[in-house]
Amino acid sequence: MAVEKENREHKDSVFVDLFYEDETAKKNLLSLYNALHDTDLHDENLIHKVKIADVLYKNFKNDISFEVDGKIFVFGEHQSTVNPNMPLRCLLYAGRAYEQIIDKKARYRTTLVKIPTPEFYTFYNGRKEQPLEQELALSDAFLDPVGNDSLELKVKVININADKAHVLLKKCAILREYSQFIDTVRRHEGEEDPIKQAIRECIAHGVLADYLKRKGNEVENMLIAEYSYEEDMQVKQDEAKAEGRAEGRAEGLEKGIQALILDNLEEQIAEERIIVKLQKRFHLSEGEAKKYYKKFSVLSVSEMR
């Protein structure tokens, strides 16, 4: 039987609250499972939630995992970005999850130990354009893919943005209403108290109405934390890109300087004239030009030999 493991050090997203923490979570998970498999199960006791800490995220929880009748093991992520490393993260996540549900002694039996069949999903609702569905494979990351991979893991990425109208949203009312709620929040961005306005509008139109009436303040705090986390991650990504571009420019500058020095040395141009050329072409001070000349003229002479 699955063991539920709390990890309150992480901040939960609204998605995780709906499908794991809330009093309606098991009902919502069953609805999601039925939509994914075209089944019509009604017994919430078939759902056993499993929670693993410190694998997918350090500070934020956007993942859910649950067993269904001990046969199927569903691993799900809610993401605002599509990352090609999702299969690798899910591999680590699944290992930790199976450690929870499989008895240690059973691993060493001489008879085959049956385990729930794993399924991996990412529910995407970011702002960037993405396909309605796509599949990411662990084998895409293998350094030496040779076919018939001995280890494979595939993650189905489903676009749940309201405007995409994926069939899953028609089948799973709670997922559809969640998607509509996030869409409403985005429509109110730039206005005063956009989340409060979105909550009032959704309650008025019967979208997550019961949930938002009960937990409106908590939802507001969770969304603020989510958006702050996403903004922080975006800032870090932008900084990394800018740093990479700066490093690239610096590397390009040095290659250009080295090429000029090498060309002029081959033509037996005097050091003083090379220094002047460096200053003019690369807008260097005399001291900088001399420093580069000293660095690369030695390398260039050794290369010519």
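Each Lys and Arg Cβ is given +1 and each Asp and Glu Cβ -1; about its Cα centre, the stretch 11-175 then shows a dipole of about 360 debye.
Over 20 Å between Cα atoms, which of K51/K164; K71/K154; K49/K215 qualify? With Cα atoms farther than 20 Å apart: K51/K164; K49/K215.
So if we plug the beta-carbon distance of D140 and D43 into 1/(1 + (r/R0)^6) with R0 = 30 Å, what FRET efficiency do we get, rounded to 0.05?
Working from the Cβ atoms, E equals 0.20.
Taken one residue at a time, the phi angles of the stretch 167-174 give Karplus couplings (6.51, -1.76, 1.60, θ = phi - 60°) of 4, 4, 5, 6, 7, 10, 4, 5 Hz. Gly and Pro are set to x. Is the shape of the stretch 11-175 rounded, prolate or oblate, going by the alpha carbon gyration tensor and its root eigenvalues a ≥ b ≥ c, with a/c under 1.5 for rounded and a/b larger than b/c for prolate? In terms of gyration-tensor shape, oblate.
Starting from the Cα-Cα distance between T81 and K213, subtract it from 0.36 nm times their residue separation and give me the gain in nm to one decimal. The partial results should precede the final answer.
On the way: separation 132, 0.36 × 132 = 47.52 nm, distance 2.93 nm.
Contour length minus Cα-Cα distance gives 44.6 nm.
Where does the charge balance sit around Y121 when Lys and Arg score +1, Asp and Glu -1, over other residues with C-beta under 11 Å from its C-beta?
Working: positive: K154, K156; negative: D63, E77, E119, E133, E135.
That works out to -3.
Report the charge-dipole magnitude of the stretch 251-304 in Debye, nearest 20, computed about the Cα centre from +1 at each Lys and Arg Cβ and -1 at each Asp and Glu Cβ. Could you put the intermediate results ahead of the total?
Details: 9 positive and 10 negative charges, 40 e Å.
Around 200 debye, computed over the stretch 251-304.
Can you pull out the chymotrypsin sites (Phe, Trp or Tyr not before Pro) in the stretch 135-193 whose DSSP state is coil and whose Cβ has at most 13 other Cβ atoms within 10 Å? Hits after loop and neighbour filter: F142. Counting charges near V74 (Lys, Arg +1; Asp, Glu -1) among other residues having Cβ under 9 Å from its Cβ returns a value of -2.
Summing Lys and Arg as +1 and Asp and Glu as -1 over all other residues whose Cβ lies under 13 Å from the Cβ of K170 gives a net charge of +1.
Every number in this text was worked out from the coordinates using simple rules, so none of it is lab data. Not measured: the values here are computed from a predicted model. Glycine also receives a Cβ, built like all others from the backbone with ideal geometry; neighbour counts cover every protein chain displayed.
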